[in-house]
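Chemist: Just dropping this structure here.
Taken together, the values in this text are just the output of simple stated rules run on the coordinates, not laboratory data. Note that this is a predicted model, so its numbers are computed, not measured. FYI the Cβ positions are ideal-geometry reconstructions off the backbone, even for glycines, and counts take in every protein chain you see.
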Amino acid sequence: MKKTKPLYEGKAKVLWETDSAGHMVQEFKNDATAFDGTKHEVVQGKGSFNNRISSHLFRLLAKAGVRTHFVEEISDTEMIVERLDMLKVEVVVRNIAAGSMVRRLGVEEGRKFDPPIVEFYLKDDDLHDPILAEEHVRALELATPDQIETMKRSALTVNDVLGGFLKEKGIDLVDFKLEFGTKDEELVLGDEISPDTCRFHDSKTGRIMDKDRFRQDLGGFMEAYGEVLDRVSS
């Protein structure tokens with residue numbers, strides 16, 4: 001399979017058209033961004049870490065029966081993925097209060113949620129990805145009622161699979177973001193699953209092991225990503 005031309009370039013990835021109509025190459029960049037791109041650095045090795053971590057976790061989900069767009073890891077920074085028609089909705093699962101939820105609602109950071117909270121956000125950088133009620137998702141025709149329910153069920157399944165696996169590796173899954181698309185009218189998990197899109201904390205110490213180290217200028221950014229890779233691949 002050969003790359004032909006770029007189809008889309010985001011802050012952290014490039015999607016390439018290929019000579020196979022149903023597949024793309026997803027390339028992970030070394031760019032680190034935060035706060036809608038207002039904070040930006042190029043960090044060598046970041047793309048490789050995210051590609052390899054995502055590949056491991058996508059394979060784990062596939063074994064658990066979750067359909068994803070992942071096909072094959074082909075280099076340190078690239079994977080072959082199925083071509084999807086992406087929904088303009090992001091699904092966030094929260095197990096522990098952190099980030100925007102704490103700022104929005106004044107919830108105590110570190111509060112645990114049982115059952116987990118599932119939220120929807122509009123995927124729109126210009127509007128800063130605002131939170132949506134399910135009624136908004138339906139009214140704006142961002143997803144059908146069946147797709148909304150399927151995304152919720154799938155997100156909670158992903159949470160169970162990843163949460164249990166990571167706990168065994170000494171990592172707490174604080175929260176994470178998922179994106180879905182359709183292929184042949186079936187909803188499929190796309191995008192990536194990495195320290196860029198998840199909050200990972202060390203189970204014993206609470207040490208941050210994700211992009212919050214970059215957001216908060218905590219140092220040890222790439223060391224944390226490398227440690228996540230070591231743990232999920234061991």
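Chemist: Suppose we keep only residues that are of a type in the set (Val, Ile, Thr) and under 17 Å from GLY181 (Cβ atoms) within segment 121-154. Which one would you say is surrounded by the most Cβ atoms within 10 Å (Cβ to Cβ)?
Modeler: Going residue by residue through segment 121-154, those that are of a type in the set (Val, Ile, Thr) are 131, 137, 144, 148, 150.
In the following step, the residues that additionally are under 17 Å from GLY181 (Cβ atoms) were identified as 137, 144, 148, 150.
Values: VAL137: 22, THR144: 13, ILE148: 18, THR150: 15.
Top of the filtered list is VAL137.
Chemist: In the list GLU185, GLU149, GLU179, which residue meets the criterion of being at negative phi and out of contact with any Asp or Glu (no Cβ under 8 Å at 6 or more places or on another chain)? Give the derivation first.
Modeler: Values: GLU185 fails: at negative phi; GLU179 fails: out of contact with any Asp or Glu (no Cβ under 8 Å at 6 or more places or on another chain).
Unique residue meeting the criteria: GLU149.
Chemist: Quick check: anything in segment 194-206 crowded, with 22+ Cβ neighbours inside 10 Å, within 18 Å of GLN44 (Cα to Cα), of a type outside the set (S, T, N, Q) and under 14 Å from the mean Cα position of the chain (by Cα)?
Modeler: Yes, segment 194-206 has at least one match.
Chemist: If you don't mind, there's one more thing I want to ask. Is it the case that ARG103 is of a type in the set (Lys, Arg) and within 15 Å of the chain's Cα centre (by Cα)?
Modeler: Details: of a type in the set (Lys, Arg): yes; within 15 Å of the chain's Cα centre (by Cα): no.
No, not satisfied.
Chemist: Moving to a separate point now. Would you mind stating whether LYS169 is in contact with a strand residue (DSSP E or B) (Cβ under 9 Å, 6 or more places away or on another chain) and touching a residue at least 24 places away in the same chain (Cβ under 8 Å)?
Modeler: Values: in contact with a strand residue (DSSP E or B) (Cβ under 9 Å, 6 or more places away or on another chain): no; touching a residue at least 24 places away in the same chain (Cβ under 8 Å): yes.
Here the answer is no, as LYS169 does not meet what is asked.
Chemist: Find the residue count for segment 22-74, including only residues that are surrounded by fewer than 22 Cβ atoms within 10 Å (Cβ to Cβ) and in contact with a Gly (Cβ under 6 Å, 6 or more places away or on another chain).
Modeler: Looking only at that region, the number is 2.
Chemist: Determine if segment 163-171 includes at least one residue that is within 20 Å of the chain's Cα centre (by Cα), small (Gly, Ala, Ser) and farther than 24 Å from PHE214 by Cβ.
Modeler: Checking segment 163-171: at least one residue is within 20 Å of the chain's Cα centre (by Cα), small (Gly, Ala, Ser) and farther than 24 Å from PHE214 by Cβ.
Chemist: Of these, ARG231, ARG213, which one is in contact with a Gly (Cβ under 9 Å, 6 or more places away or on another chain), over 16 Å from LYS46 (Cα atoms) and not in a loop (DSSP other than H, G, I, E, B)?
Modeler: Details: ARG213 fails: over 16 Å from LYS46 (Cα atoms).
Just a single option satisfies the conditions, and that option is ARG231.
Chemist: If you scan segment 179-216, which residues turn out to be out of contact with any strand residue (DSSP E or B) (no Cβ under 9 Å at 6 or more places or on another chain) and of a type outside the set (S, T, N, Q)? Working first, answer last.
Modeler: Going through segment 179-216, the residues out of contact with any strand residue (DSSP E or B) (no Cβ under 9 Å at 6 or more places or on another chain) turn out to be 184-186, 195, 204-205, 213.
Those that are out of contact with any strand residue (DSSP E or B) (no Cβ under 9 Å at 6 or more places or on another chain) and of a type outside the set (S, T, N, Q): ASP184, GLU185, GLU186, PRO195, LYS204, ARG213.
Chemist: Within segment 30-45, which residues are touching a strand residue (DSSP E or B) at 6+ places or on another chain (Cβ under 6 Å) and not acidic (Asp, Glu)? Give the steps one after another, and end with the answer.
Modeler: Residues of segment 30-45 that are touching a strand residue (DSSP E or B) at 6+ places or on another chain (Cβ under 6 Å), as a first pass: 30-33, 40-43.
Correct list: ASN30, ALA32, THR33, HIS40, VAL42, VAL43.
Chemist: In segment 30-45, how many residues are under 12 Å from LYS211 (Cα atoms) and polar (S, T, N, Q)?
Modeler: Total satisfying the criteria: 1.
Chemist: Output the number of residues of segment 77-87 satisfying the condition of being out of contact with any Phe, Trp or Tyr (no Cβ under 9 Å at 6 or more places or on another chain) and either among the acidic types (Asp, Glu) or at positive phi (or both).
Modeler: Residues of segment 77-87 that are out of contact with any Phe, Trp or Tyr (no Cβ under 9 Å at 6 or more places or on another chain), as a first pass: 83, 85.
Checking the rest, the ones that are also either among the acidic types (Asp, Glu) or at positive phi (or both) come to 85.
Residues in segment 77-87 being out of contact with any Phe, Trp or Tyr (no Cβ under 9 Å at 6 or more places or on another chain) and either among the acidic types (Asp, Glu) or at positive phi (or both): 1 in total.
Chemist: Could you grab me the full set of residues in segment 25-40 that are of a type outside the set (Ser, Thr, Tyr) and within 18 Å of the chain's Cα centre (by Cα)?
Modeler: Let us first name the residues in segment 25-40 that are of a type outside the set (Ser, Thr, Tyr), namely 25-32, 34-37, 39-40.
Across segment 25-40, the qualifying residues are VAL25, GLN26, GLU27, PHE28, LYS29, ASN30, ASP31, ALA32, ALA34, PHE35, ASP36, GLY37.
Chemist: Looking at segment 89-107, which of the residues that are surrounded by 14 or more Cβ atoms within 10 Å (Cβ to Cβ) and of a type in the set (D, E, K, R) is farthest from CYS198 (Cα to Cα)?
Modeler: Taking segment 89-107 as the starting set, the residues that turn out to be surrounded by 14 or more Cβ atoms within 10 Å (Cβ to Cβ) are 89-102, 107.
Adding the requirement that they be of a type in the set (D, E, K, R) leaves 90, 94.
Details: GLU90: 13, ARG94: 10 Å.
Checking each candidate, the answer is GLU90.
Chemist: I've got another one for you. Is it true that some residue in segment 47-69 is of a type in the set (Gly, Ala, Ser), part of a loop (DSSP other than H, G, I, E, B) and within 25 Å of VAL158 (Cβ to Cβ)? Lay out the reasoning, then the answer.
Modeler: Quick first cut of segment 47-69, residues of a type in the set (Gly, Ala, Ser) only: 47-48, 54-55, 62, 64-65.
Then drop every residue that is not part of a loop (DSSP other than H, G, I, E, B), which leaves 64-65.
Checking which are within 25 Å of VAL158 (Cβ to Cβ) leaves us with 64-65.
Among the residues of segment 47-69, at least one is of a type in the set (Gly, Ala, Ser), part of a loop (DSSP other than H, G, I, E, B) and within 25 Å of VAL158 (Cβ to Cβ), which makes the answer yes.
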